[in-house]
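I have placed the structure first, in the form of structure tokens, so that the comments after it can refer back to it.
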Amino acid sequence: MQRKFRFPSRAGALGLALLAGVVSAQPTANQQKFRELYQELVEINTTDSVGSCTTAAQALAARLQAGGIAPASMQILIPPGAPKKGNLVVRYKGNGAKKPLLLLGHLDVVEAKREDWQRDPFKLIEEGGYFYARGSSDDKAMVAIFTHNLIRYQAEGYRPERDLILAFTCDEEIIPSPYNGVEFLLKNHRPLIAAEFALNEGAAGLLDKTGKPVRMSIQVGEKVFQTYTLEVTNPGGHSSVPVKDNAIYHLAGGLARLGAFDFPFKLSEATRAYFERMASIETGQVAADMKAILRDPPNPDAIARLAVNPANNSTFRTTCVATMLDAGHATNALPQRARATVNCRILPGEPVDEVQKTLARVMANDKIRITPVGEATLSPAPPLTREILGPVEQVSNQMWPGVPVVPTMLVATTDGRYLNNVGIHTYGLSGLFRDPDGSGVHGLNERIPVKSLYEGLEFLYRVVKVYGGGNY
């Protein structure tokens, strides 16, 4: 059931927070306006535990209305029984010469405990050339950018050749969730977000340790998420008379074998392109090894050396890793139950049931019962065409001359998997550059370089116009 809201005035939309920190380089008027919107959004708590995506959606709708976007073109859509899980959909009309472009972002953020952070995670703090806050990068940066740029297009009178659709959704960070915003919209309001293709999070540029751009990335496809429960049960007994038939030992032995096991090496179109381009960026043995794994057959020693880097290893094979353990019921009793959670990230196109069979072979113990948690969402990788890659290279070369554009496959998971499944080809593209350590995304003290954020603002402004066509 859809719940409708009357969009509040700008003055009543939570108000603007005071700017934090000192701007090291005076921002332009455009950047200053963006920062105000960005700060307001970041400081709205949208965690699952105590936050509200609906509040964030209302605040963005108020910003858009104040910027000249007609209320009739905006809808806040809320799943039944979940008043805080609102999703905002906005349509900016083009002339209809081309099919729509969907600009996707998620409003929710990962939990953050104040006592663990150096700074308040729900206050935007500028310090040392960075913005710090939960969601400062994932994913409120892109949500704020898409919102601000739509207001800018409206002010300029820009009329694209295709409709531009904003979809800002909830519960992307919770897997599985009965209230996932993209699933909800596809099931109940699919015409609102039907598009030729979509731009989403999932790719970030890479900075080196000195802050110099190494590569711009475009994400093409992502791994399939599937979790399994591994369980051993046993009659148990008194710990003073132990037996070899111990539930913990059975499970631990299987997990030890899993820890030593590697799934087969495999390259896709996207990951082959990734290593081809990275081979021209890297040097020495790493560059030589990247070239060697592209041969037929690939060099096994090169694979082994590259696999020492977890990012490489996750890129060219399926991975399954133990993430949680629970066993026993008393300190003086033999365990009646031992349970582990194993999370798998499966290469696109690899059958999920084959992964479960592989786990069973690796466990090599029929006492270990393997049960999938939920059903995997299969997600075929979209094609990387010149129509998609060309605008990225064009704008990237204008802004960062000489920095290569590198296709990547996301080893994590985004809402793009749902869209790719229904034929809306979805690409990760942000123009936002991160530090090599990942910038604290999903971890402590999440941050984004101030310079990178403002550059991403301009990059997405330009590239969406190229995709949109029309009088730009």
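The values are calculated or read from the model by the stated rules, or taken from the named source; none is laboratory data. Note that this is a predicted model, so its numbers are computed, not measured. Using ideal geometry, Cβ is built from the backbone for each residue, glycine included, and neighbour counts are taken over all protein chains shown.
Of the residues making up segment 234-270, those that are surrounded by 13 or more Cβ atoms within 10 Å (Cβ to Cβ) and either of a type in the set (Ser, Thr, Tyr) or touching a Phe, Trp or Tyr at 6+ places or on another chain (Cβ under 9 Å) (or both) are Ser239, Tyr249, Phe265, Lys266, Leu267, Ser268.
Looking only at segment 241-265, count every residue that is basic (Lys, Arg) and closer than 13 Å to Met363 by Cα and tell me the total.
The qualifying residues number 1.
Selection of strands (runs of 3 or more DSSP E) fully inside segment 353-472 by the criterion of at least 3 residues being buried (at least 21 other Cβ atoms within 10 Å of the Cβ) returns 405-410, 425-428, 447-449. Screening Met324, Met290 for residues that are in contact (Cβ under 8 Å) with a residue 12 or more places away in the chain, aliphatic (A, V, I, L, M) and not in a helix (DSSP H, G or I) leaves exactly one candidate, Met324. Take the conditions (1) out of contact with any Lys or Arg (no Cβ under 6 Å at 6 or more places or on another chain); (2) modelled with pLDDT of 95 or more; (3) outside the structural domain of Ala279 (by TED's automatic domain parsing); Gly443 misses just one of them, which is (2). Do the conditions hold for Leu186, that is, is it closer than 16 Å to Gly105 by Cα, surrounded by fewer than 21 Cβ atoms within 10 Å (Cβ to Cβ), of a type outside the set (Val, Ile, Thr) and touching a residue at least 40 places away in the same chain (Cβ under 8 Å)? Considered against the rule, which asks whether it is closer than 16 Å to Gly105 by Cα, surrounded by fewer than 21 Cβ atoms within 10 Å (Cβ to Cβ), of a type outside the set (Val, Ile, Thr) and touching a residue at least 40 places away in the same chain (Cβ under 8 Å), Leu186 comes out as yes. The residue that is nearest to the chain's Cα centre (by Cα), among those in segment 428-452 that are small (Gly, Ala, Ser) and under 24 Å from Lys223 (Cβ atoms), is Gly428. Mind listing just one residue for me: the one in segment 272-291 that is buried (at least 18 other Cβ atoms within 10 Å of the Cβ) and in contact with a helix residue (DSSP H, G or I) (Cβ under 8 Å, 6 or more places away or on another chain) and, of those, nearest to Ala381 (Cα to Cα)? Of everything passing the filter in segment 272-291, Tyr274 is nearest to Ala381 (Cα to Cα). All of Glu354, Glu387 fail the test of being in the same structural domain as Tyr249 (by TED's automatic domain parsing) and either without any contact (Cβ under 8 Å) to a residue 40 or more places away in the chain or in contact with a Gly (Cβ under 8 Å, 6 or more places away or on another chain) (or both), apart from Glu354.
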